[in-house]
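Everything on this sheet refers to the single structure shown next.
Throughout, read-outs are computed from the coordinates displayed, never taken from laboratory work. Everything numeric in this text was worked out from a predicted model, so none of it was measured. Here Cβ is always computed from backbone atoms with ideal geometry, including for glycine, and neighbour counts include all displayed protein chains.
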Amino acid sequence: MKKPVFDRKIEDIGLETGTSRLTPEKIQETIQNVLASETGAKLKVYHDTCVRCGLCSKACHYYVSHDGDPTYSPVGKVVQTMAVMIDKKGKVDADFIYRAAQIAYTECNLCRRCIHYCPLGIDTGYIMSMVRRICHKLGVTPQYIQDTAHSHSATMNQMWVKDDEWIDSLLWQEEEARDEFPDMRIPLDKEGADIMYSVIAPEPKFRTHLIYQAGAIMHEAGADWTMPTLHGWDNSDMAMFSGDFEIMGRLKRDHFERAQKLKVNRIVMGECGHAFRSVYDQGNRWLGWADYPVEVVHSVEYFADLLRTGKIKMAQKVKGPITIQDPCNIIRGRGLMEDLRYVAHAIADEVIEMTPSLEHNYCCAAGGGVINCGPPFKNVRVNGNKAKADQLRRVKEQGVDLCLCPCHNCHGGLEDIIHSNELGIDLKFIGDIIYANMVKTKAVEE
Amino acid sequence: MKKIIPALLAMVLVLVFMLPAFGQEDIVELKDPAFTAPKRPAAVFKHDEHNELAQIDDCTPCHHEDVDEEGQFIEGDPDYKCADCHTVEKGNGTPLQLAYHKMCIDCHTEKKAGPVACGQCHVK
Amino acid sequence: MFNEIYELVTGPLAWIGWGIFLLGSVYKLASLWSLAKKKDTSSIYYTKAKFGLRSIAQWSLPFGTLGWRETPSVTVVTFVFHICLILVPIFLSAHVILWEEWFGVSIPALPNHVADVMTLLVIAGGTFFAWRRFSVPEVAFVTSGHDWFVLGVVVAPFLTGFLAYHQIFNYEVMIVLHVITGIAWLALIPFTRLSHMLVSWYSRAYIGSEFQGVRHCKDW
Ligand code: HEM
Ligand code: SF4
Ligand code: SF4
């Protein structure tokens, strides 16, 4: 069969300027260097043993959503990128690199669903992240995600939030919250607190009410907590996805060291998936930690604990059925499906599961840095996830109007999918619902 | 019907008694009755033709009785059957099938003549 | 003439083939291991026998995993193909006789008609895989010459073996072809995609450990 041509090139200024600076020598040298110094037996085994059976195809939402277009299957993406780089020993041209970057950055979410399908256990997500690593080293990265990596590098947070703006946001949310909870504080830099609460930079930037809500829940639960005023407060990590592992390492070190300087027992992090992946899976390993040096508790676990122990009680439950989006990085990545189910049933009358769900969930197609590649690639992820739209439509038909979605990326991705498919489903963080419906013993009387 | 059965029986009997007569005349295959459930067709072996071609006058090594101190075969009596010593089932000494195989194949290999692969003897 | 050729292919050639297979396999595994120790220490660190064996056990069950359930026809064919592929060359009665004559080891043999059917299943499985490589888009797209070569090499000894056993076409030619393709089959294992036979155990165990150990999630 003739190989289909790649006819979906998307213009992106980052990819364009990046490739315009390439020379064949630079491409070859960079590829050879990364292959020789940063990859080893793992990639070699994946490359040598993949029997090209195509069984992984059905795993991938991109493949499923494009009606079985083989160029979107996991192994299909490998044969268009890494396999050629290895076989040709790096002798590929700039157009090839453009294509490889577009595939690796925007047509794979590193969601690892395909591992449930490959009998040999080949990790296509890993292969794609090594393609990204090569593209990063060649300076060929989509502009938007590169911008977040620049921000990480310059400010140690993802959104160019300045030091004073950060503290301002916290004080502002504290002030707002004190209208409702007169005694509430957002304790800043409290040494020896039990918990350091960390968030991703989009929270102070766009979704400040999430900080308010988290503060209210912590307050109501009587937690001994703090938030840092200095860098290290942002747990997000787009450098991990852009292939800039050096910055990934710096970010994670900064985050952990902030917690260590504050002498807290543990870090509780907001409802974010990728940031969690970077503490238990990738950033920690880059730094040489088998696991994290300071215990990190995801909001899903934390909320489950608060509800189980009765520190937070629900005044009312959500009426009517809700559904659950299982974010890859906390479910397939860290097995929090039971806690998430516990929380969902504690805050809603009825839960209707999507199929597939739990560890077999489909990714939102925004994860793995794809949404961070920005507007040029929005349709890639929306059209690339008809599978998710179908899932949502099926639960909608069963009466679901609300989807519990404990991850920022999933929010972004699902929002666009719901909007463009006119599905009419509301997305909520767990914190949104707990805050709205919990028993507020410490609030002013209404 | 009643006449057909005795007639058939008679025919079978005649055939059965005739068989050894054929065998004595000219051996054409090694159909050792010790193999009660043979897995392959009997090996084709035309005794006289074989010996003429191979220019063999002695009956040893094929017809042998035991081995001497130096490991050489002691001449044996062709009237004995291989299966008299070599048992089909594994026991002491070389089992019957292996004895046949080794006797033929080893010699053919050494002489670089004669069949050595399964289907050359066990012709369908 | 035939005797010389037969002696060559079952003698020196066979020894060379087995030698390449055994030494090549040892070399392959040893070189991968030393590379892994240099470059993939974290992967080695996370690999745990308990999780690895659990994963291998689960993936050894037909339909035991999401992947196996999604494409049932391939699952059935893959299992049948591989089981027959491994059992027939070892337990075929003609081979059992050779094990005995050449190495003095005696093992039980498959009844001939069973082995015959199993051989046909390997050939049928190979045909099914070839059909997929032609007609199923996601397989066709990723298929290269290497895949055809490997498939051909694997099925060839079964095809020639079947024809030789039934003495179809010229027996002498067929048996020599059978021995040669069988030896190629072995010798190519360490150096082609067939090396999945040697290393997929480890890649499975590794990813199983990543999932169960680090990600607290099953990998099936
Ligand atoms: C014993 C360990 C082995 C394991 C775990 C294993 C596993 C697999 C798996 C999972 C596949 C993909 C399934 C598919 O294509 O449908 C496969 C394909 C294949 N295997 Fe194996 N295998 C093993 C041994 C062997 C051996 C010894 C050979 C032959 C020398 C072999 C030859 C093949 C071939 C030719 C294919 C590709 C079929 C195609 O063209 O799609 N395998 N194997
Ligand atoms: S998006 Fe997920 S399923 Fe698709 S190739 Fe990437 S990791 Fe595999
Ligand atoms: S399922 Fe595994 S072996 Fe098969 S094509 Fe996909 S990655 Fe390769």
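When a footprinting reagent is the concern and you count Cβ atoms within 10 Å, what order do B:D106, A:D305 take, fewest first?
Numbers: B:D106 13, A:D305 17.
Ranked by crowding around the Cβ, least crowded first: B:D106, A:D305.
Taking the Cα centre of segment B:24-121 as origin, sum charge times position over the Cβ atoms of Lys and Arg (+1) and Asp and Glu (-1), and report the length of that vector in debye to the nearest 20. Could the numbers behind the result be given before it?
Working: 9 positive and 21 negative charges, 181 e Å.
I would put it at about 860 debye.
Would you compute, from DSSP H runs of 4+ residues alone, the mean residue ellipticity of chain A at 222 nm, taking -39500 (n - 2.57) per run and dividing by the full residue count, rounded to the nearest 500?
-14000 deg cm²/dmol
Hey, got the dipole for the protein assembly as shown? About the Cα centre, +1 on K and R Cβ, -1 on D and E Cβ, debye to the nearest 20?
Here the size comes out at about 1700 debye.
What does the C-alpha gyration tensor say about the overall shape of segment A:5-141? Classify as rounded when a/c is under 1.5, otherwise prolate if a/b is larger than b/c, or oblate.
Details: a/c = 2.08, a/b = 1.30, b/c = 1.61.
The shape class here is oblate.
Taking the Cβ of each residue in C:R133, A:R253 as the centre, tally the other Cβ atoms inside 10 Å and list the residues starting with the fewest.
Details: C:R133 20, A:R253 17.
Fewest to most other Cβ atoms nearby, the residues stand as A:R253, C:R133.
Of C:G213, C:G17, A:G273, which is farthest towards the positive pole of the protein assembly as shown's charge dipole, taken about the Cα centre with +1 and -1 on the beta-carbons of Lys, Arg and Asp, Glu respectively?
Of the listed residues, the answer is A:G273.
Can you tell me the orientation of helix C:112-135 relative to chain C, as the angle in degrees between its alpha-carbon axis and the longest Cα principal axis, to the nearest 10?
The helix C:112-135 is inclined about 60 degrees to chain C.
Only Lys, Arg, Asp and Glu count, each charged at its Cβ (+1, +1, -1, -1), so figure out the dipole size of chain C about its Cα centre, rounded to 20 debye.
Working: 14 positive and 12 negative charges, 261 e Å.
Dipole size: approximately 1260 debye.
Just round it to a whole percent: the fraction of Cα-Cα distances in the protein assembly as shown exceeding 36 Å.
On the way: 174219 of 311655 pairs.
Pairs farther apart than 36 Å: 56 percent.
Taking the Cβ of each residue in C:M1, A:M354 as the centre, tally the other Cβ atoms inside 10 Å and list the residues starting with the fewest. Could the numbers behind the result be given before it?
Details: C:M1 7, A:M354 20.
Fewest-to-most ranking of C:M1, A:M354: C:M1, A:M354.
For chain A, give the share of DSSP beta bridges that are antiparallel, in percent and rounded to the nearest 5; count only bridges with both residues there.
Numbers: 1 of 22 bridges.
Antiparallel bridges make up about 5 percent of those DSSP assigns within chain A.
When the Cα centres of segment C:96-138 and segment A:1-66 are compared, how far apart do they sit, in Å?
37 Å
Past the 32 Å Cα-Cα mark, which pairs from A:K190/C:K50; A:K388/C:K37; A:K396/C:K218; A:K261/C:K37; A:K313/C:K50?
Violating the 32 Å Cα-Cα cut-off are A:K190/C:K50; A:K388/C:K37; A:K261/C:K37; A:K313/C:K50.
Please say if segment C:1-137 is rounded, prolate or oblate, where rounded means a/c under 1.5 for a ≥ b ≥ c the square roots of the C-alpha gyration tensor eigenvalues, and otherwise the choice is prolate for a/b larger than b/c and oblate otherwise? Could you put the intermediate results ahead of the total?
Details: a/c = 1.94, a/b = 1.25, b/c = 1.55.
Oblate.
Considering only DSSP beta bridges whose two residues both sit in the protein assembly as shown, what percent are antiparallel, to the nearest 5?
Working: 5 of 26 bridges.
The answer is about 20 percent antiparallel.
Pairs A:K77/A:K428; A:K44/C:K39; A:K44/A:K137; B:K39/B:K112; A:K91/A:K252; A:K137/C:K39: which are spaced more than 23 Å apart, C-alpha to C-alpha? Intermediate results must be reported in sequence, preceding the final value.
Numbers: A:K77/A:K428 33 Å; A:K44/C:K39 11 Å; A:K44/A:K137 20 Å; B:K39/B:K112 27 Å; A:K91/A:K252 35 Å; A:K137/C:K39 19 Å.
In this structure, A:K77/A:K428; B:K39/B:K112; A:K91/A:K252 lie more than 23 Å apart at Cα.
Using Cα centres only, tell me the gap between segment A:204-237 and segment C:153-220 in whole Å.
56 Å
Using packing as a proxy for protection, rank C:22-31, A:61-70 so that the peptide with the highest average count of other Cβ atoms within 10 Å comes first.
Working: C:22-31: 14.0, A:61-70: 20.3.
Ranked by mean Cβ neighbours within 10 Å, highest first: A:61-70, C:22-31.
Considering the options A:N379, C:W185, A:G18, tell which one lies farthest towards the positive end of the dipole of the protein assembly as shown, charges being +1 on Lys and Arg and -1 on Asp and Glu at the Cβ, about the Cα centre.
A:N379
Which one of A:C135, A:V294, A:A193 is farthest out on the positive end of the charge dipole of chain A, using unit charges on Cβ (Lys, Arg +1; Asp, Glu -1) and the Cα centre as origin?
Farthest along the dipole direction, towards plus: A:C135.
Over chain C, what is the mean sequence separation of C-alpha contacts under 8 Å (at least six apart), divided by residue count, expressed as relative contact order in percent?
Normalised by residue count, the contact order of chain C is 34 percent.
Amide H to amide H under 5 Å from A:V318: which residues, 5+ apart in sequence or cross-chain, H placed 1.01 Å off N in plane?
A:A348, A:D349
So what is the relative contact order of chain A, in percent, for Cα pairs below 8 Å that sit 6 or more residues apart? Provide the component values of the computation, followed by the final result.
Numbers: 819 pairs, mean separation 75.7, N = 446.
That works out to 17 percent.
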